1. If you check GLU190 against the conditions, is it touching a residue at least 40 places away in the same chain (Cβ under 8 Å) and under 23 Å from THR94 (Cβ atoms)?
2. Restricting to region 205-237, count the residues that are assigned to a loop (DSSP other than H, G, I, E, B) and either free of Cβ contacts under 8 Å to residues at least 12 places away in the same chain or on the phi > 0 side of the Ramachandran plot (or both).
3. Among (1) surrounded by 14 or more Cβ atoms within 10 Å (Cβ to Cβ); (2) hydroxyl-bearing (Ser, Thr, Tyr); (3) farther than 28 Å from ASN3 by Cα, which single condition is TYR129 missing?
4. Somewhere in region 255-269, is a residue assigned to a loop (DSSP other than H, G, I, E, B) and under 19 Å from TRP27 (Cα atoms)?
5. For region 64-76, enumerate the residues that are among the β-branched types (Val, Ile, Thr) and either over 18 Å from ILE43 (Cα atoms) or touching a His at 6+ places or on another chain (Cβ under 6 Å) (or both).
6. Out of region 156-179, which residues are without any contact (Cβ under 8 Å) to a residue 40 or more places away in the chain and not in a helix (DSSP H, G or I)?
7. Which fully enclosed strands (runs of 3 or more DSSP E) of region 1-119 have 2 or more residues being at pLDDT below 95, farther than 25 Å from TYR156 by Cα and small (Gly, Ala, Ser)?
8. Take the conditions charged (D, E, K, R), surrounded by 13 or more Cβ atoms within 10 Å (Cβ to Cβ), touching a helix residue (DSSP H, G or I) at 6+ places or on another chain (Cβ under 8 Å) and assigned to a loop (DSSP other than H, G, I, E, B) and apply them to LYS196. Does it pass?
Amino acid sequence: MLNNLIIRAEKPADYKNTELMTMRSFWNKFGPGCSEHNMVRIIRESKDYIPQISRIAELDGKIVGAVFYTKAWIDDGSAKREVALLGPLSVEPTMEGNGIGGTLLVESIKLATKNGIAGIILAGEPGYYPKFGFELCSKYGITDAEGNSYDAYLCYPLTDVFKSCKGKFIESGDFAKIGDEKLLEEISKEFPDYRKVKVQEGFMQIFDEHLGRVESIQGEIYNVRYWELVIPANLSDNLQEKPYVGSDVQFCWNHKGGESKITKVLKNLLEE
């Protein structure tokens, strides 16, 4: 953890900066652009928002992370038990690898316990959240609203009541607003017009993979532009196509200063 990292409640003066940081965190992650900055605004305005356990991370006066929670329910067909939905959890992309997301998780889980939350549910990366104690929802007989189970569907029991819950997970009805394309378009006008990338391969940035663009080549070193950073990277041994200057690439960023690797050359379908 960064020594001068502050975890605190969000204030109205933080709203725009939190939304921008969230936008940057999710930009081009699961598809062209993102909607998570819109999600944050919808959550704040929702009657189901839980500000008591939602937190932001501040470093040297700059917001570098945030986690939001809303009320949700597990419906067994005869009764609904209230739980908390975690998400989004966002970290400023240029500050990844510094334990910011993990610190937000640990601190907010402590707050959830103090506030009597029965348990937490999320849909997220199954290679990340179990490090902090999250388990498969299927272990407790919890499914999505349609009765399906996924590896990305995770939970964190905080009480014995939660452990006895079985049924379908129901999120706040306000999340339906996230699909409002006109609302997203209007909100996005308030933020920088970042470049969108669309590929056929599906998720572009998941687990250790990131989306970057080759800025220059020096011998066997490919300098990859990732937001404001330029990260030197080598080519993966099984790379099928060599990138050139201007290529969109998927790469594994070694945050600890070791060797970063370009794993795939991508084609932006929006620019063909």
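1. In short, yes.
2. Of the residues in region 205-237, 4 are assigned to a loop (DSSP other than H, G, I, E, B) and either free of Cβ contacts under 8 Å to residues at least 12 places away in the same chain or on the phi > 0 side of the Ramachandran plot (or both).
3. Going through (1) surrounded by 14 or more Cβ atoms within 10 Å (Cβ to Cβ); (2) hydroxyl-bearing (Ser, Thr, Tyr); (3) farther than 28 Å from ASN3 by Cα one by one, TYR129 breaks only (3).
4. First, the residues of region 255-269 that are assigned to a loop (DSSP other than H, G, I, E, B): 255-259, 267-268.
Add one more test, that the residue is under 19 Å from TRP27 (Cα atoms), and what stays is 267-268.
Scanning region 255-269 turns up at least one residue that is assigned to a loop (DSSP other than H, G, I, E, B) and under 19 Å from TRP27 (Cα atoms).
5. VAL64, ILE74, listed by residue number.
6. PRO157, SER164
7. No strands (runs of 3 or more DSSP E) qualify here.
8. It is true that LYS196 is charged (D, E, K, R), surrounded by 13 or more Cβ atoms within 10 Å (Cβ to Cβ), touching a helix residue (DSSP H, G or I) at 6+ places or on another chain (Cβ under 8 Å) and assigned to a loop (DSSP other than H, G, I, E, B).
The values are calculated or read from the model by the stated rules, or taken from the named source; none is laboratory data. Just so we're clear, the structure is a prediction, and the values are computed from it rather than from any experiment. Note: ideal-geometry Cβ built from the backbone for every residue, glycine included; neighbour counts use all protein chains shown.
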